Amino acid sequence: MENKAILKEWFERVDSEKTGSITAVQLKRALAVGNLELSISVVEQMIRMYDFDRNGTMSFEEFVALNKFLLKVQHAFSDLERGRGYLVPDDVYEALVKIGFSLDSPSFYSVCESFDQKKNGRFRLDDFMSLCIFVHSARNLFSSFDTAKQGRVTLDFNQFVYCTANCRI
C-alpha cells in the first residue's frame, strides 16, 4: 500500500485508543490484516528499526517509513519466487542485493541458516521478511558505530553486548 491516505486509514483503524501511535501488538494486528503473519519479536524489531523518536511505539510517519521498507522487501520476494511461494538461498541472495544488502558468503549462509525456520532451504515471505529486518537492523546498528564510514568498527565488550541485545529477533 503506497497511497498515504489508505495508509492513514489503516493506521487509524489500528490506533484504537486514538493516541497517534501504535504498539507492537497493534502493528502485528495491522500486518496480519495485510496477510503478513510475523512473530511479536519480529514486529518489535520493526518498531525498533523505525522508532525514530525512540518512544517504543510507532507514529504514522514511522509507519509510512516502515511500509516503504516492507514494500521493497515484498517486491524483491515477488520478483524471485517464480510462483512457488518461497525463495531458495540463491534467490534470497539476489533479493538481498536488490534491496541493497551485500553480505559475504559466510555471513549470508549463517543468516540463512538462522532464518530457515523449517531447515528445508525454502524461505516463505515471513521468513524472508524476518531475515531482511535482521540484516537491516544489523546494518543500522553497525553504521552507528562506523562513524568514519570505513566499513570497520572496534567495539569494547559493553558495546558488543549492546549490539547483540539490539539485533535479536
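Throughout, read-outs are computed from the coordinates displayed, never taken from laboratory work. This structure is a prediction, so every number in the text was calculated from the model and none was measured. Positions of Cβ are generated from backbone atoms using ideal geometry, with glycine treated the same way; all protein chains shown enter the neighbour counts.
Taken along the Cα-to-beta-carbon direction at a fixed 7 Å, the label points for A165 and T19 span 2.2 nm. Stretching V88 away from N158 to a fully extended chain increases their span by 21.6 nm, per 0.36 nm per residue minus the current alpha-carbon distance.
Note that the range 133-146 has calculated 3J(HN,Hα) couplings of 5, 4, 5, 4, 5, 4, 5, 4, 5, 4, 4, 5, 9, 8 Hz, one per residue in order, obtained from phi through the Karplus relation 6.51 cos²θ - 1.76 cosθ + 1.60 (θ = phi - 60°); glycine and proline are x. On a 28 Å Cα-Cα criterion, which of the cross-link pairs K28/K68; K119/K149; K28/K98 come out too long? Distance filter (> 28 Å) returns K119/K149.
Using the Karplus curve 6.51 cos²θ - 1.76 cosθ + 1.60 with θ = phi - 60°, what ³J(HN,Hα) values do you get for each residue of the range 83-91, in whole Hz, with x for Gly and Pro? Coupling constants for the range 83-91: x, 7, x, 8, 10, 9, x, 4, 5 Hz. Sorting 14-22, 121-129, 72-80 by average packing, meaning the other beta carbons within 10 Å per residue, from highest down gives 121-129, 72-80, 14-22. Values [x] 1.15; [y] 0.97; [z] 0.95 are given for comparison; Rg/Rh (Cα atoms, Kirkwood Rh), derived from the coordinates here, is the one labelled [y].
Summed over qualifying helices (DSSP H, 4 residues or more, each -39500 (n - 2.57)) and divided by its residue number, the chain shows a 222 nm mean residue ellipticity of -20000 deg cm²/dmol.
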